[in-house]
Amino acid sequence: MTADLHARAGNQNPGSQSALRGFNEQRVLATLRTHGTLTQAALARSTGLSTATISNIVKSLVSAGRVSTSPTTSSGRRALGVTVLDEADVAVGIDFGRSHVRVALAQAGFRLLGEEYAALEVGHLAAASIDVAARMLETLCERTGTSHSQLIGAGIGIPGPIDHRTNMVIRGAILPEWVDLDIDARLRQALDLPVFIDNDSNLGALAQITWGEHQECANLCFLKIGSGIGTGLILNGSPYYGNLGITGEIGHSTIFDQGLICRCGNRGCLETVASTGIMVELLSRTESAPLSIESIIERAKVGDSATLRVIDDLGMAVGHALANVANLINPEVFVLGGPLAPLGEILLAPIRRGLQRHAIPVIGDNTTLCMSLLGDRAEALGAAALVLRQSAALP
């Protein structure tokens with residue numbers, strides 16, 4: 001990488017150290033736009049430049065008002081975080097869920113400008129939901145003083161498998177009304193922006209290494225437990241998409257051969273025993289009306305035995321599935337998100353037991369399991385991060 005910069009600088013002005021320094025500064029700025037706040041050590045690893053060079057460049061950029069620095073910690077040690085400043089470009093992140101849509105605006109350097117949330121009816125049609133998101137975006141721009149000309153694109157999170165060859169939701173998604181629609185064209189027309197579509201779990205994973213506390217984590221798995229169950233994978237520091245873009249469908253891994261028929265057509269999938277829908281169904285059988293996830297969480301926190309038993313069974317099944325993932329790719333950390341995140345250790349404990357029971361012992365003992373600190377905004381933030389990464393990659 002450094003040799004390439006030397007060559008480019010030489011082509012512009014042979015022997016010019018100032019040209020080389022300029023290219024290195026742009027490399028640092030592009031890395032910060034892509035990854036958000038980074039320590040100087042992380043910048044050195046990401047750019048291939050020496051720590052001394054990074055230190056000098058950061059001092060120059062601070063003096064020029066291009067970046068700011070602030071105290072932080074890295075691996076338990078004090079460090080200096082570097083954040084890019086004065087970027088007019090704004091990215092849009094939109095998360096479509098089974099019963100909601102969230103819109104977020106973020107600047108390069110990963111600074112959240114504002115967000116909007118709206119509930120949607122279960123079974124909402126794509127056209128109607130896209131119109132809602134477009135109106136929310138307009139309102140958000142007005143509230144934050146952002147002009148449409150500042151918007152560089154919209155990242156779109158969809159809770160279902162997406163074929164990256166066509167950008168279409170395939171069958172088996174929890175939004176069957178969106179299957180086989182040209183969502184890309186509809187969104188571009190409604191928003192008048194370039195759009196980048198991805199599975200919501202992939203975006204949740206991306207959020208963890210850009211907005212979250214795992215910015216220096218090279219191998220991470222984000223697990224979202226909701227109406228569906230999916231994972232997003234970060235391998236060697238980058239999102240992993242496989243051959244077709246359809247990865248992380250852990251909710252359709254078989255847990256019980258003789259289990260219930262899943263919406264994907266298979267039998268005994270993880271979603272048939274561990275989704276929030278199954279949890280609500282089991283715990284509402286003696287109630288006059290279906291329980292909400294919020295009421296289930298409250299019952300768990302006060303120690304309701306039936307609720308804790310259902311959560312324990314759910315957690316053990318999820319831990320079993322995660323053990324298979326851990327044995328295959330050996331991530332550093334599993335980060336859990338979704339509506340059950342407020343349960344904290346109540347949910348983490350049985351998942352951890354299932355993971356340690358079924359994983360190779362050395363892997364189970366050395367894999368971290370934690371809740372996401374980004375809450376229910378992770379997918380929208382990841383969608384904005386997707387746009388910022390795409391724009392930073394452009395020439």
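In table form, for the structure just shown:
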item	result
Some residue of the stretch 1-15 being modelled with pLDDT of 80 or more, buried (at least 19 other Cβ atoms within 10 Å of the Cβ) and either at negative phi or of a type in the set (A, V, I, L, M) (or both)	no
Residues of the stretch 245-259 satisfying the condition of being part of a loop (DSSP other than H, G, I, E, B) and either under 21 Å from N202 (Cα atoms) or at pLDDT 90 or above (or both)	G245, I246, T247, G248, E249, S253
Hits in the stretch 104-144 - residues which are in a loop (DSSP other than H, G, I, E, B) and touching a residue at least 60 places away in the same chain (Cβ under 8 Å)	A108, G109, F110
Failed criterion for A218 (all others in (1) surrounded by fewer than 19 Cβ atoms within 10 Å (Cβ to Cβ); (2) more than 25 Å from E271 (Cβ to Cβ); (3) in contact with a strand residue (DSSP E or B) (Cβ under 7 Å, 6 or more places away or on another chain) hold)	(3)
Qualifying residue in the stretch 270-280 (condition: under 24 Å from the mean Cα position of the chain (by Cα) and either outside any helix (DSSP H, G or I) or under 28 Å from E216 (Cβ atoms) (or both))	yes
In the stretch 57-82, residue surrounded by the most Cβ atoms within 10 Å (Cβ to Cβ) [restricted to those that are within 24 Å of R21 (Cβ to Cβ) and without any contact (Cβ under 8 Å) to a residue 12 or more places away in the chain]	V62
Any pair with Cβ under 7 angstrom, 6 or more apart, that starts in the stretch 160-183 at a residue that is free of Cβ contacts under 8 Å to residues at least 24 places away in the same chain and ends at one that is basic (K, R) and assigned to a loop (DSSP other than H, G, I, E, B)	V179/R171
Selection within the stretch 365-382 - farther than 16 Å from Q215 by Cα, at pLDDT 95 or above and small (G, A, S)	A380
Qualifying residue in the stretch 141-159 (condition: touching a Pro at 6+ places or on another chain (Cβ under 8 Å) and among the hydrophobic types (A, V, I, L, M, F, W, C))	yes
Enumeration of residues in the stretch 180-193 that are part of a loop (DSSP other than H, G, I, E, B) and modelled with pLDDT under 95	D180, L181, D182
Residue that is nearest to T37 (Cα to Cα), among those in the stretch 209-244 that are assigned to a loop (DSSP other than H, G, I, E, B) and under 10 Å from the mean Cα position of the chain (by Cα)	W211
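The values are calculated or read from the model by the stated rules, or taken from the named source; none is laboratory data. Note that the structure is a prediction, hence the values are computed from the model and not measured. Positions of Cβ are backbone-derived with ideal geometry, glycine not excepted, and every protein chain shown enters the neighbour counts.
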